[in-house]
Structure formats: structure tokens, C-alpha cells
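Single-structure report; data block below.
The values are calculated or read from the model by the stated rules, or taken from the named source; none is laboratory data. The structure presented is a predicted model; accordingly, all values stated were derived computationally and were not measured. Cβ placement follows ideal geometry from the backbone for every residue including glycine, while neighbour counts extend to all protein chains displayed. Accessible surface areas use protein heavy atoms only, side chains included; no ligands, DNA or RNA. Shrake-Rupley method; radii C 1.70, N 1.55, O 1.52, S 1.80 Å.
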Amino acid sequence: MGSREEEFLKRLKATFRLEAEEHLQAMSAGLVELEQLPPGEQTALVEVIFREAHSLKGAARAVDLSEIEAVCQPMESVLAAWKREQLQP
């Protein structure tokens, strides 16, 4: 890999780091808020948290961070099952 490509990847990963922090903060805040909602009122917030996990997974894939992608996938699966009411917290 040439120096231009290495520099580009370095900038991409720095951008990812900022984006990942935003997704993680949103997911954390959503999970805390979710704990306070009664079960019948959780679906919309579960969707928001699911979208954050999905976006983080896609961003990780774009910068070839498979470890982060691998953590996001099961989280997405749990949240998707929760949205479909196939899983209870």
C-alpha cells in the first residue's frame, strides 16, 4: 500500500472513530432510557438503538474493522427479535 492510501485509510479511521463515538453514545443513552420505559412503550426506542447498531456495523465494515462489525451483528439480531416481540428483555 502506498503512502497516499495509508494516509487516506488513517483519515478514514479517524473519521470512523468520531462516528463510532456518536453511535455508542446514542446507543448507551437509548439503553438507559429503555430501562425506564414500560414494555409496551419500548418498540420505537428499540428501533432507534437498532439503527445506531446497524450504522456502526456498516461504518466498521467500510474501514475494515471486522471485530467491531462482529460485535454489532449479534446486537442487531437481539434488537431485531425484540422489535418483532420474539424476545423480551
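Out of curiosity, is Glu5 touching a Leu at 6+ places or on another chain (Cβ under 7 Å) and part of a helix (DSSP H, G or I)?
Here the answer is no, as Glu5 does not meet what is asked.
What are the residues in the stretch 7-19 that are open to solvent by less than 100 Å² (accessible area, probe 1.4 Å) and of a type outside the set (Lys, Arg), if any?
Selection gives Glu7, Leu9, Leu12, Ala14, Thr15, Phe16, Glu19.
Every residue in the stretch 20-41 that is under 20 Å from Val71 (Cβ atoms) and either surrounded by fewer than 17 Cβ atoms within 10 Å (Cβ to Cβ) or modelled with pLDDT under 95 (or both), please.
Within the stretch 20-41, Glu21, Glu22, Leu24, Gln25, Ser28, Ala29, Leu31, Val32, Leu34 meet the criteria.
Condition check: in a helix (DSSP H, G or I) and open to solvent by 70 Å² or more (accessible area, probe 1.4 Å). Does Ala44 satisfy that?
Yes; evaluated as a whole, the condition is true for this residue.
Identify the residue in the stretch 61-72 that is assigned to a helix (DSSP H, G or I) and loosely packed, with under 13 Cβ neighbours inside 10 Å and, among all such residues, is nearest to the chain's Cα centre (by Cα).
Applying the filter and picking the extreme gives Ala70.
Using the structure shown, decide if Ser55 is buried (at least 17 other Cβ atoms within 10 Å of the Cβ) and closer than 28 Å to Lys13 by Cβ.
When the stated conditions are applied, Ser55 passes them.
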